[in-house]
1. So, of the residues in region 37-96 that are among the basic types (Lys, Arg) and closer than 23 Å to residue 109 by Cβ, which turns out to be surrounded by the most Cβ atoms within 10 Å (Cβ to Cβ)?
2. Name the single residue that is nearest to residue 127 (Cα to Cα) among those in region 12-57 being free of Cβ contacts under 8 Å to residues at least 24 places away in the same chain and in contact with a helix residue (DSSP H, G or I) (Cβ under 7 Å, 6 or more places away or on another chain).
3. Just give me the residues in region 33-44 being of a type outside the set (A, V, I, L, M) and at pLDDT 95 or above, in sequence order.
4. Among the listed residues 22, 8, 46, identify the single one that is charged (D, E, K, R) and within 17 Å of residue 78 (Cα to Cα).
Amino acid sequence: MDSDPYFDIDREALARSIATADHLLFRFATIESRLFVDFRAEGSADPGVHVLPPVKSLAERVASIRRARPQLPLPDRLYVIGVPARVRGLERIGALDAIRNRLAQLDAFDQLTELDLAYEQLLAFEREEIRRAISGEGYRTLWSRAER
């Protein structure tokens with residue numbers, strides 16, 4: 001169990017955060033894209049689920065959130081949850097179910113579909129990143145195979 005990257009996650013605290021936070025930004029170990037779940041609803045703005053692109057700075061991340069949710073004010077702070085391994089870890093740690101439950105409690109049923117689509121997109125990004133790592137595309141190798 002020591003090698004399990006999910007072993008040290010406080011799943012109860014994670015569930016409480018998902019149940020109470022106004023938004024969450026999930027950061028993955030394998031890809032630079034982020035999952036942004038915003039539970040806020042104001043005026044004509046319903047809760048939202050977005051895949052945010054890779055950025056190089058906090059200012060760029062804030063700008064990406066503004067683009068994703070232009071009808072709402074920026075959050076006062078960002079609540080970031082690091083997923084210590086692959087994207088599928090969202091299922092393993094119970095985060096997807098907790099997000100689905102929260103969205104359902106908010107009657108945000110269209111956002112349940114958005115969540116499923118975002119999750120599939122993140123999985124596709126991860127598959128592509130793994131393919132690139134295996135092929136060496138965009139990566140520097142520490143050693144190369146000896147020619148025979």
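The values are calculated or read from the model by the stated rules, or taken from the named source; none is laboratory data. No experiment lies behind these values; they were computed from the predicted model shown. Virtual Cβ from ideal backbone geometry, glycine too; neighbours counted across all protein chains shown.
1. Going through region 37-96, the residues among the basic types (Lys, Arg) turn out to be 40, 56, 61, 66-67, 69, 77, 86, 88, 92.
From the residues that got through so far, the ones that are closer than 23 Å to residue 109 by Cβ too are 40, 69.
Details: 40: 17, 69: 20.
If we take residues in region 37-96 being among the basic types (Lys, Arg) and closer than 23 Å to residue 109 by Cβ, then 69 is surrounded by the most Cβ atoms within 10 Å (Cβ to Cβ).
2. 53
3. First, pick out the residues of region 33-44 that are of a type outside the set (A, V, I, L, M): 33-34, 36, 38-40, 42-44.
Hits for region 33-44 are 33, 34, 36, 38, 39, 40.
4. Numbers: 8 fails: within 17 Å of residue 78 (Cα to Cα); 46 fails: within 17 Å of residue 78 (Cα to Cα).
Of the residues listed, the single one that is charged (D, E, K, R) and within 17 Å of residue 78 (Cα to Cα) is 22.
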